[in-house]
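Values in this text are rule-based calculations from the coordinates and carry no lab data. Predicted, not measured: the structure shown is a model, and the values here were computed from it. Cβ sites come from the backbone with ideal geometry, for glycine too, and all protein chains shown count toward neighbours.
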Amino acid sequence: MDFNDTKEEAEFRAEARAFLGKHLDPKGDKPLRQRVDGSEFMRRAKEWQKTKAENGYAQITWPKEIGGRGGTPMQQVIWNQEEGKFDAPTGPFTIGLGMCIPTVIAFGSDEHKKRYVGKALKGEEIWCQLFSEPSAGSDVAGLKTRAVKDGDEWVINGQKVWTSGAHYSDYGILLTRTDPSVPKHKGLTMFIVDMKQAGVEVRPIHQASGGREFNEVYFTDVRIKDSDRLGDVGQGWKVAIVTLMNERLAVGGSPGPDWAEIMAYAKEAGTMSDQAFREKLADWYVAAQGYKLTKFRTQTALSRGQTPGPENSIGKIITANHLQDICNSAIEMQDHYGILTDSDRMPADAIFQQSFMWAPGLRIAGGTDEILKNIIAERVLGLPQDVRVDKDLPFDQMKSG
Amino acid sequence: MNFDFSEDQKFLGNEARKFLESECPMTAVRLVLNDDDVSHNADVWKKVVEMGWLGTAIPEEHGGLGLGLLEVCVLAEEMGRVLAPVPWASTVYFFTEALKIAGSSEQQADVLPRIVSGDVVGCYAASEGPGNPTAANLKTTFDGSTLSGTKVPVTDGDVATHAVVLAKEGSGASLVLVDLTGEGVTRKTLQTLDPTRSHAEIVFDKAPATRLGNAGDGEMLNDQILDHAAVLLAFEQLGGASRALEMATDYAKERYAFGRPIGGNQAIKHKLAEMYVKNEVARSNCFYGAWAVSTGAAELPEAAAAARIAACEAFWFASKENIQTHGGMGFTWEVDCHLFYRRAKLLAVQAGAPKVWKEKLVRTLENKNAA
């Protein structure tokens, strides 16, 4: 056992590091996103994405024919690690390149691939994913946005929710209901939608945390050509599964303050002698290590050219609850004073207070704790599926609320 | 990144699993459980000796296989899965490691070959009553040539031929090596929560003993030995926790209630998913401990503590919720769930309860941070 790169990995890492060093500054105290305004960040993000694409670093595992590098998953991991050490403006392209474009590649026509893949890769066009609805979250297949055929076009009416990046996206992949008279999974169809056309209205969601990072998207008599359909009519669920499989690869990363930050805070606050706190601190260290080291196991499988085991599925269940728990303790550590959110008064720029309000969302986004446990139980342990009373029922006879 | 066992080590694990499933089924464990006069399964122990496993991490010059602690980790997990009712952990994780860490070359040359041959069965005697032993509270004393005092409880203390004992010497503590078959030693078998791994009270009355390591180094050496043992015990716990999850999962698939398998209900599914998460957190921390202990890394204190804390939690949770998943059946003597519950608790308190290791871990983190 060791934590070293193989010779080939070390060479690729050195190459990546040299390239990054030529184009970017090392990570500073504050990320770029907090130093410049939104439009300037987007300008730099697009510029950086273009540079990556032109040099074969944009999507390392994609084949060269479509602009990738033809590299290994391990090389992608190494690239992400190295890029993370620099002040890189990343983010707006993750969903498009990680989820939407792979779906276009899998189900789109040759024209689609020619038209969309290159522009997305170079950061010229941004994509979003339009699945969730107000009454279809964990149960996405229960969605209601209607697509009705009219000649060689479809007419779309309905509402999507929690759409990241919809306000700056050029295109989206849109899951709709085309046939309400059949059971819910069978009446769905996927489309490519132009987000800038008339009838598409994007409204920011005012989140419980106070921020406005996500959107609602309303579709009113929006027209989509039948040629912009992805997969067959009624096969939308199968297409969506491909998108969601890619989501699991795209989501990850430690989301906020961890054991080291709360330990520093406790020293400052003079509470390191509290025995109950010390025991919790040990538990947080063990959980954080468990998460980090489990990723090392996955990387080891990739490095050996093997398919990683299911152990990586524990990630978000651990990190989201872990974050909530640490923030809760950090606030309680200062008793009444802990309620303040003023970043000038509070340690670590009030990061604990901020993350306290972000953590509930993290436990829900990209699969709730409960859904993730269902996935582990069913796919890893092989336990039976839940009872699904709506499974064979025509969608228009289903109860919803 | 190479953070996993090698193909050879995995092969060793697979072979060990096949061997133990055939030679150490639950009926072999129950022979020890159901008879107060039987301290361990001597047939299984004889076969373990014959396999040469006791010499896994003993150098070839002392008759061992000359492999490393990574191979011991692999075997420990397999021993944990079958709840092996033999003095393996005492002899290998504690006694052998103590000799390797603290023994003189003469002591090693004398004793290590006899461990490999099965003539010496070892145990480790630190505890003297409630609480974690320290130099300040030890009552057993070593005067330079003889040992006096009472150690209780000593895991495998009635089976072992030799013990490494933590004793007071002058104002400090020392480690000493004692022949338990010699004069001045009285042993009494004790009733415990886990009858499948035997325990004794050992009374020393001027028993001849030799020092392991330097006088006054006992506490430091004890810490080092426990760091090694903690990692190896953690793998044994991981094996038990994995087996408990498998038992619960299998039962949840075949037990029907309200017209369907109970494993189709989210209350059961989520419980078992939580078990899986805890087991994987433990496994990853165990791997890190294995890396640290096998390479002598400076990170060993925190790696060993984290492996132990995670493994204690995983086995505790898996063993108690395995009973719960089995319902009334799980509370019967005949169903094996309680054997895992018993073993989980023994392994969680032997070598210091989780609270002791949590404190050790935080102290290590503080010292690192200060440095």
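Springs between Cα atoms under 10 Å define the GNM used for chain A, and in it the highest mean-square fluctuation of A:D369, A:D87, A:D29 occurs at A:D29. The Cα trace of the protein assembly as shown gives Rg and Dmax of 30.2, 102 Å, the first to one decimal, the second as a whole number. Label positions at A:N321 and A:R223, each projected 7 Å from the Cα along the C-beta direction, are separated by 5.2 nm. Calculate the translational D of the range B:180-293 in whole µm² s⁻¹ from Stokes-Einstein, where the hydrodynamic radius comes from the Kirkwood formula applied to all Cα pairs, the temperature is 25 °C and the viscosity 0.890 mPa s. Translational diffusion coefficient: 132 µm²/s. The ranking of B:T150, B:T140, B:T155 from fewest to most other beta carbons within 10 Å of each one's beta carbon is B:T150, B:T140, B:T155. The mean number of Cβ atoms from other chains found within 10 Å of a Cβ in peptide A:369-381 is 5, as a whole number. Separation of the range A:3-35 from the range A:46-112 is 16 Å, based on Cα centroids. Positive end of the dipole of the range A:252-365 (Cβ unit charges, origin at the Cα centre): among A:F356, A:M346, A:L323, the Cα lying farthest that way belongs to A:L323.
Rounded to a whole number of µm²/s, how large is the Stokes-Einstein D of chain B at 25 °C and 0.890 mPa s, given Rh as the Kirkwood radius over C-alpha pairs? My calculation gives 117 µm²/s for D. Comparing A:G108, A:G71, A:G305, which has the greatest mean-square fluctuation in the GNM of chain A with Cα pairs linked when under 10 Å apart? Highest fluctuation among the options: A:G305. What the Cβ-Cβ distance of A:K399 and B:Y256 gives, at R0 = 45 Å and to the nearest 0.05, is a FRET efficiency of 0.95. Calculated on the alpha-carbon coordinates, the convex hull of chain A measures out at 169 cubic angstrom per residue. Separation of the range A:299-335 and the range B:109-185, taken as the distance between their Cα centroids, equals 42 angstrom. Among the DSSP helices (H) of chain B, those spanning at least 15 angstrom by Cα along their long axis with an average Kyte-Doolittle hydropathy of 0.5 or more are B:69-81, B:337-349; this is a geometric and hydropathy rule only. In this simple spin-label approximation, B:V38 and B:Q191 carry label points 7 Å from Cα along the Cα→Cβ vector, and these lie 2.0 nm apart.
Which net charge results for the neighbourhood of B:I262, defined as the other residues with beta-carbon distances under 11 angstrom from its beta-carbon, given Lys and Arg at +1 and Asp and Glu at -1?
+4
Beyond 15 Å, the tail of the calculated P(r) for the range A:7-90 holds 59 percent of the Cα pairs. Taking Lys and Arg as +1 and Asp and Glu as -1, the other residues whose beta-carbon sits under 10 Å from that of A:P180 total +2. Only one residue of B:M329, B:V120, B:P25 has its Cα farthest out toward the positive end of the dipole of chain B, where Lys and Arg carry +1 and Asp and Glu -1 on Cβ, and that residue is B:M329. Per the Cα gyration tensor, the range B:38-97 maps to an equivalent ellipsoid with semi-axes of 19, 13, 10 Å, ordered largest to smallest. Seen from all directions on average, the range A:176-293 presents a Cα convex hull projection of 12.3 nm².
Normalise the Debye intensity by I(0) for the range B:95-185, one equal point scatterer per Cα, no solvent, then take log10 at q = 0.11, 0.15, 0.20, 0.23 Å⁻¹ and round to two decimals. Result of the Debye calculation: -0.29, -0.55, -0.98, -1.25.
Its Cα centre serving as origin, the protein assembly as shown has a Cβ charge dipole (Lys and Arg +1, Asp and Glu -1) of approximately 1960 debye. Overall dimensions of the range B:219-370, expressed as equivalent-ellipsoid semi-axes from the Cα gyration tensor (√(5λ), whole Å, largest first), are 34, 15, 11.
The largest-to-smallest principal axis extents of the Cα set in the range A:52-122 are 38, 23, 20 Å. Of the peptides B:307-320, B:166-179, the ranking by mean beta-carbon count within 10 Å, highest at the top, reads B:307-320, B:166-179. Find out how many positive minus negative residues lie around B:W291, taking Lys and Arg as positive, Asp and Glu as negative, among other residues whose Cβ is under 12 Å from that of B:W291. Charge balance in the 12 Å sphere: -2. The percentage of C-alpha pairs in the range A:341-401 whose separation is greater than 19 Å is 62%. Taken along the Cα-to-beta-carbon direction at a fixed 7 Å, the label points for A:D335 and A:R212 span 3.9 nm. For the range A:1-49, dividing the convex hull volume of the Cα atoms by the residue count gives 111 Å³ per residue.
Averaging the Cα positions of each part gives two centres, and for the range B:1-57 and the range B:345-371 these lie 29 Å apart.
To one decimal place, what Kirkwood hydrodynamic radius in Å is obtained for the range B:7-116 from all pairs of distinct Cα atoms?
The Cα-based Kirkwood calculation yields 14.5 Å.
If R0 is 41 Å, the Cβ-Cβ spacing of B:Q266 and B:E60 corresponds to a FRET efficiency of close to 0.15. FRET efficiency for the A:N55 to B:S22 pair, using the beta carbon distance and R₀ = 45 Å, is estimated at 0.20.
Only the Cβ atoms of Lys and Arg (+1) and of Asp and Glu (-1) were treated as charged; on that basis the dipole of the range B:36-172 about its Cα centre amounts to roughly 280 debye.
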